[in-house]
Each structure stands twice: as structure tokens, then as C-alpha cells.
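One structure is given here, and the rest of the page talks about it.
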Amino acid sequence: MKRNIIVNMHVVENPQWFENVILYLKSAYKIVPLSAFEDEKMYQKFNSLCSITFDDGDLTFYNVAFPVLKKHNVPAAIFVSPQSIVNQENFWFQEIAGYDVEAMAKIISDETKIPYEIAKNYGLHAVFKCFPVEKIHHFIKIYQEKTHTPPKEFRNMNLEQIQEVQQSELITIGAHTLTHPVLANETDEKCRTEIVQSINELSQMLNQEIKYFAYPNGTYKLDFGEREMNILRKNNVKIALSTDPDFAGKNSDKMAFPRKGITLGSVRFIKMKIFLGRKWNYFKNFRSLSEQKKRLILKQFLEK
């Protein structure tokens, strides 16, 4: 028996791949808007419900995914950051794509207590997720100055495109912080600002209530916790989404709903990944350190 799921995507570059995924999900599940999961009776009574979500508002959503969703009349939710939209600034992980790892690792080792070899071998994403977002942008600024690297072209949707998908009535729009920090790394004040202002500013931009939120990165007790969940409750958020790859059911907390990430691979692979649920992480990291373990080790250096 299939169980309810919320799936999550980021960048979708291949329209045929995406259409194949949508056709599979339509055949196996009843695809519903995210609002269906507000009603506990709904997702506790029924099985095989599926809601589709996208984080970041990458331009590929507008160019590739949105036309397919319209073609098949499939609802979805996207989570965007108003500051990124207004300032047309990439998120830090978009900006560092293609950067010289050794050069950045040298900067990190010079600026912090993390050894060069560790910074180089653990990967820039794992390293950066150990710092407040302002520190991450500090590293990027040093790199750009030292290597004469200009900022990348803006790669996310602009306000007009977001308003267009909103008006289709297929797409629900939620908040994703202002600058995409790992919230657990931020002070109480910064965390509250990132959450509350992203909700309020997005509401003003779109002239609608913002009821949904997606945590950047999104691992419970690593990227967010009770502090963040309480802020969201106080700001009338109905559903907040994690990246815990579990099924959505009666034991799910509405402030930390699980989602199954779908990035690439055949439909057969995606079926297996969905079926395994939480166990997927054990298979994925069987022969190597998980990013979570890397980050815990990295933080030990920073706490010395």
C-alpha cells in the first residue's frame, strides 16, 4: 500500500525527464496541492496522496517545469526568497558553482580553524553549511577579489515570472528565508529576521497571505529545530517543510513535514528511492561519510 508523500525538486533541466516523472506520479498517486496537507483528517484518512514542491525559484522552474505542469494540469508549490528576487542576487551555493575548490579551501583555512586538506576534501557545500550566511558571503567576496571572478548572472525567477505562475492558480508560493542561511547557524535575532521578513515581504510582493515555508537545507536538529518551528507557529504558518525523506502521515509535525528529494535518475530509480523512504540515506552513504557527519566533524574544528 502506498503512503502519502511530498516530493521536492530544485533544478529541472530536462523537460522529457520531468514529464516522465510527472506521468509516473500521476499514475501512482493522487496529486494534490500542498493545502491538502493542512487537513489532518485528509492525510490520515487517505493514502497515495502526493504534493510536488520546488525550492529556490530557479529559472528552470519557469522555463522547463512550469510548461509541463500546465500541460498536465498538475499543482505544485515553489519556495522563494524575496530579497533574492528584488536584488537579483544568487544564493551562495549558486554563486560558488564552478569555483576552484583548492583556492576556496585555502581561503577557508586562512580565515578559520578548519585545516586546508579537510576543507578541500569535504567539499565546499559541507564546509559552508557550518557558518552563518554573512561569513559565507565574506569567503565568496575574498575569492572573487583574489581570483578576479565577477558575480554570476542571476539564475532565478524574477518578480514578473513569479507573479505569472501565481496567477495560473496551479502554483502555490511559499517563503524560503531572505538569504538561504542554515538557520541553526544564526543568532536568535538573525533567525527571526530571516523567517519573519521573508514571509512579510513575500506577502506584500504577491498581495496574498503566505502560509507555507521551506527550511533551507532542511535537516531537523541540524539545520533547524524548535526555535525555528516556534517562530513559524507565531507567524501563522500552516505548513513548514523539511528535507527528511520520510512519508507524510499521522505522526508528521506540520512544522517539520518530511519531503522526498527527486533530482535525477530514471523513473525506476525514483520509485526505489520513494519506496525506501528514510532508509534511502543509509544506502546513499553506505561507503562514504554523509554530509551530516562531515559537518559535525567540521564544527569540532570550529569549536576548538
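The values are calculated or read from the model by the stated rules, or taken from the named source; none is laboratory data. Just so we're clear, the structure is a prediction, and the values are computed from it rather than from any experiment. Using ideal geometry, Cβ is built from the backbone for each residue, glycine included, and neighbour counts are taken over all protein chains shown. What goes into the accessible areas is simple: the full protein's heavy atoms, side chains included, and nothing from ligands, DNA or RNA. Shrake-Rupley method; radii C 1.70, N 1.55, O 1.52, S 1.80 Å.
Data for the structure
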{"quantity": "Residue identified as at pLDDT 95 or above, of a type in the set (Lys, Arg) and open to solvent by 70 Å² or more (accessible area, probe 1.4 Å) among LYS190, LYS234, LYS250, LYS211", "calculated": "LYS234"}
{"quantity": "Qualifying position, being of a type in the set (A, V, I, L, M) and over 18 Å from the mean Cα position of the chain (by Cα), among ALA76, ALA28, ALA65", "calculated": "ALA28"}
{"quantity": "Some residue of region 93-105 being buried (at least 22 other Cβ atoms within 10 Å of the Cβ), in contact (Cβ under 8 Å) with a residue 60 or more places away in the chain and under 17 Å from the mean Cα position of the chain (by Cα)", "calculated": "no"}
{"quantity": "Subset of region 142-151 (residues that are outside any loop (DSSP other than H, G, I, E, B) and open to solvent by 90 Å² or more (accessible area, probe 1.4 Å))", "calculated": "GLU145, LYS146"}
{"quantity": "Those residues of region 36-58 which are open to solvent by 10 Å² or more (accessible area, probe 1.4 Å) and modelled with pLDDT of 95 or more, in sequence order", "calculated": "ASP56"}
{"quantity": "Close pairs from region 25-39: first farther than 21 Å from PHE275 by Cα, partner open to solvent by less than 20 Å² (accessible area, probe 1.4 Å) and in a helix (DSSP H, G or I), Cβ under 6 Å, at least 6 apart", "calculated": "none"}
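Let's see how each residue does on (1) within 16 Å of PRO181 (Cβ to Cβ); (2) of a type in the set (Ser, Thr, Tyr); (3) open to solvent by 40 Å² or more (accessible area, probe 1.4 Å); (4) not in a helix (DSSP H, G or I):
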{"site": "ILE108", "(1), (2), (3), (4)": "no, no, no, no"}
{"site": "LYS113", "(1), (2), (3), (4)": "no, no, yes, yes"}
{"site": "GLU134", "(1), (2), (3), (4)": "yes, no, yes, no"}
{"site": "PHE139", "(1), (2), (3), (4)": "yes, no, no, no"}
{"site": "GLU153", "(1), (2), (3), (4)": "no, no, yes, yes"}
